[in-house]
Structures are given as structure tokens and as C-alpha cells.
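The values are calculated or read from the model by the stated rules, or taken from the named source; none is laboratory data. Since the structure is predicted, the reported quantities are computational estimates derived from the model, not experimental observations. Here the Cβ positions follow ideal geometry from the backbone for every residue, glycine too, while neighbour counts run over all protein chains shown.
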């Protein structure tokens, strides 16, 4: 069964705007990861945040984690057309022995 | 200098055939995986190997058989292909089992007609 669910399913914004995607999960975790998938390509790792961390930054990316609400958010600031992709959260599940992906958010950045 | 490479990129075949997908990683990782992505982009783990040992075997029909000749290679053989097997299959690797990021190949799009 799915562990994570992303919200919204699809997001369309103008270049330069910020994009926020949310992820909710069901069981306790050790870490949560965000990935990007461009059309026709494999997933690319963006950020890993551990369960004892609340916020993490990488360039224009900011990830927050709220373990009490079992949710995470990915913020992309000053978006570019090249950010157009699907974004997935993934958690290590109840037993911590495998990475389980959500259904993803499709982001479209219009130039 | 591709990190995780899988072949072929596209595979079109008829029902009932047997086919294989190959995967190789040059990252020196200990763990490799097969994931299946359906038409709705839902990604589900199928198998995981750690140092050639099978550690995860999800509820996958036994028509699917992974083989790891060494820790840099993980192949997927599928017998008696069915229409429902049509999907994109991704190979991935990681340094350890769960706590490090996964590195994905670019996928094999399997179409069963």
C-alpha cells in the first residue's frame, strides 16, 4: 500500500513564482526523501530529511518535516521552466527496510 | 560515465513471450532494486538485493525472477508476459539499504501486445 500521498496532484505556475508541494504519510519514519522525475527519465534524488530534523535547504529547495502531523512540504523558490517535472516524496515505511513512494505532484512552470 | 544503466530502453513484445531487462551500476553501491511505475506514475518496489542476496521480494507474480550475478548487476527476467505487465521498470541502487538516496536508471518501457 502507498505510504505517502502528495498534494496537489498537479500544479501550474508562472516562472518566477514559488511552488509548494505537500506530502502526507501514515506510519512512523526514519527519514523522508524528495525526488524529481523529468518526462521519460529516472527519478533524481533532491533532499533527504531525517525524522529528528524539521527543515532542510538545498539551493532553491526548502523541505520541512512535521512528524506530529506526519507531513512534509517541498518549496521551490523562484521557479524556472526547467523545474517542470513530477515530484515524489518517499518514506522508509513502518519497518524501515524499503523506500515507499507517493503518487507524485506534476509541476508545470510556464515561461 | 552513466551511474545506473539499464537496457533496453524500450521493449515491445507479445503476450506469452519471455524477456529480460539488464541493469548495471558503477557507483560501488551494495544494494540494488527493481521498481515498477504504472501508467498513473505510481512507483512500487518489486525486489531488492544487498550484496547479491535477495532482501525484499514484494507480492510479485513468480513469473518475475531477479538475478544478481554480482553486486554491480541486477537483471530482471519475466516469463509468460501478460498485458498487465506493460509499465516502465526502473532499476536503482543505494549505498545502504534505506538510509541513503536511491540512484535510478532511466527506465525500460515495456509494452506487451
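Just a few scattered comments:
- Boolean, residue A:53 is touching a strand residue (DSSP E or B) at 6+ places or on another chain (Cβ under 7 Å), farther than 20 Å from residue B:42 by Cα and either modelled with pLDDT under 95 or in a loop (DSSP other than H, G, I, E, B) (or both): yes
- Condition check for residue B:10: within 14 Å of another protein chain (Cβ to nearest Cβ) and within 26 Å of residue A:89 (Cα to Cα): no
- Search result, residues across segment B:91-113 that are outside any strand (DSSP E or B) and touching a helix residue (DSSP H, G or I) at 6+ places or on another chain (Cβ under 9 Å): B:113
- Residue that is farthest from the chain's Cα centre (by Cα), among those in segment B:89-113 that are surrounded by fewer than 22 Cβ atoms within 10 Å (Cβ to Cβ), facing another protein chain (nearest Cβ under 9 Å) and touching a residue at least 24 places away in the same chain (Cβ under 8 Å): B:97
- Qualifying residue in segment A:73-93 (condition: within 11 Å of chain B (Cβ to nearest Cβ) and not in a strand (DSSP E or B)): yes
- Of the residues B:59, B:31, the single one that is in contact with a strand residue (DSSP E or B) (Cβ under 8 Å, 6 or more places away or on another chain) and either crowded, with 19+ Cβ neighbours inside 10 Å or without any contact (Cβ under 8 Å) to a residue 24 or more places away in the chain (or both) is B:31.
- Selection within segment A:4-50 - within 11 Å of another protein chain (Cβ to nearest Cβ), in contact (Cβ under 8 Å) with a residue 24 or more places away in the chain and outside any strand (DSSP E or B): A:9, A:29, A:30, A:38, A:39
- Annotation: of all residues in segment A:94-111 being more than 12 Å from chain B (Cβ to nearest Cβ) and closer than 12 Å to residue A:11 by Cβ, the one that is nearest to the chain's Cα centre (by Cα) is A:107.
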